[in-house]
Amino acid sequence: MHLGLHVDGGGEGFDGAVDYARRLGASSLQIFSSNPKTYRIGPIDVPALERFRARRAEAGIATCAIHTSYLINLASDDPKIANGSLRLLRNDLAVAAAGGIDFVNTHLGSYGKRPREEGFAAVTALLERALEGIAPGVFLVLENSAGAGQLCGGTLEELGDFVRALGHPQLGVCLDTAHSWAAGYDIDSREGVDRFVALADATVSLERVKMFHFNDTQIPLGGHKDRHWHIGEGNIGFAGFRALAAHTELLDKTAILETPGDEADDARNMQSIRLIFEGVRT
């Protein structure tokens with residue numbers, strides 16, 4: 001499995017992200033393409049993205065993902081928010097194409113007060129528009145939510161419904177372990193993980209599962225809150241991640257850590273997840 005982490009390049013931008021990932025021994029990395037808390041979109045710096053592609057190759061970074069803006073809400077019934085979200089999503093897909101970036105990972109948002117059936121149809125229509133211009137080699141990846149209230153994409157079944165409704169070959173899914181636990185999937189044991197993986201295959205298909213976000217959590221099972229914690233130090237625990245590592249059908253996937261803290265915390269979490277996978281293979 002390509003193991004990596006979300007990197008904020010800070011003032012050094014793309015170069016800083018690659019250097020950080022290489023220091024921590026990552027073979028994958030996830031970035032924001034721009035400020036994730038604004039609707040503003042600047043011009044795409046193609047030369048910088050081409051250098052980013054080259055530097056990733058030199059550093060042995062096998063896969064890369066863009067995480068879309070926190071502001072994206074494709075499920076909103078407000079046309080301004082929905083259209084702004086589509087604009088942000090299309091921009092990230094264009095950035096990915098320019099930089100040879102494999103995945104654009106997005107949350108879907110909240111249906112708010114609208115009926116879920118109506119919201120589902122609206123999200124599907126927006127995703128269809130986003131996929132119209134997707135470049136070869138780029139996958140649009142839908143991330144599962146923690147399932148609170150009217151959040152979109154909180155179940156494997158709903159994610160599978162999007163995949164089937166759109167039927168696009170470059171549409172995939174990202175399964176966040178903390179969100180899955182918060183949504184009620186008990187992935188803290190071999191038996192629970194086996195059920196989860198089997199259900200993901202039946203509803204979404206493992207071929208469509210392109211990415212994982214590996215995050216532990218201190219939220220109770222089914223607590224419907226998006227809170228990440230350090231690998232093996234929360235309710236999923238080492239047993240849950242060992243069980244995921246034991247599934248050989250997942251070894252071609254990319255897994256990104258989004259655990260909290262500073263570089264020392266990131267280094268500890270990267271070491272933990274590497275040791276888990278090495279221990280399962282030996």
Kindly write out, for the range 69-80 in residue order, the coupling ³J(HN,Hα) from the Karplus curve 6.51 cos²θ - 1.76 cosθ + 1.60 (θ = phi - 60°), rounded to whole Hz, with x marking Gly and Pro. 4, 5, 7, 5, 9, 5, 8, 5, 8, 8, x, 5
Got a sec? Charge dipole of the chain, +1 on Cβ for Lys and Arg, -1 for Asp and Glu; which of I276, A48, A26 is way out at the positive end? A48
Check the straight Cα-Cα distances from K253 and name the lysines below 21 Å, setting aside those fewer than 8 residues away within the same chain. K210
Sequence order, the range 216-224: Karplus ³J(HN,Hα) from phi using 6.51 cos²θ - 1.76 cosθ + 1.60, θ = phi - 60°, Hz rounded, Gly and Pro as x, gives 7, 7, 9, 6, x, 3, x, x, 6
Backbone N within the range 99-128 under 15 Å of label point (7 Å from A165 Cα along the Cβ vector): 108-112, 114-128
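Rank by packing, highest mean first: peptides 159-168, 212-221, 230-239, 258-267, with packing defined as the count of other Cβ atoms within 10 Å averaged across residues.
Listed from highest to lowest mean packing, they are 212-221, 230-239, 159-168, 258-267.
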Label-point separation (nm) for E157 and A239, each offset 7 Å from Cα along Cα-to-Cβ? 2.8 nm
Counting only residues 5 or more apart in sequence or on a different chain, those whose built amide H sits under 5 Å from that of G222 are A182, A183, G184, Y185
Stokes-Einstein diffusion coefficient for the chain at 25 °C in a medium of 0.890 mPa s, Rh from the Kirkwood formula over Cα pairs: what value in µm²/s? 130 µm²/s
Of the candidates A94, A178, A146, which one comes out as most mobile in a Gaussian network treatment of the chain with C-alpha springs shorter than 10 Å? A94
Note the full-extension length gain between R274 and I44 as 0.36 nm times their separation in residues minus their Cα-Cα distance, in nm to one decimal. 79.4 nm
Candidate lysines for bridging to K113, where Cα separation is under 20 Å - those fewer than 8 sequence places away on the same chain excluded: K80, K225
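Bear in mind these aren't lab numbers, they're just calculated from the coordinates by the rules spelled out. If you're wondering where the values come from, they're calculated on a predicted model, not measured in any experiment. In this analysis, Cβ positions are derived from the backbone assuming ideal geometry, glycine residues included, and neighbour counts consider all displayed protein chains.
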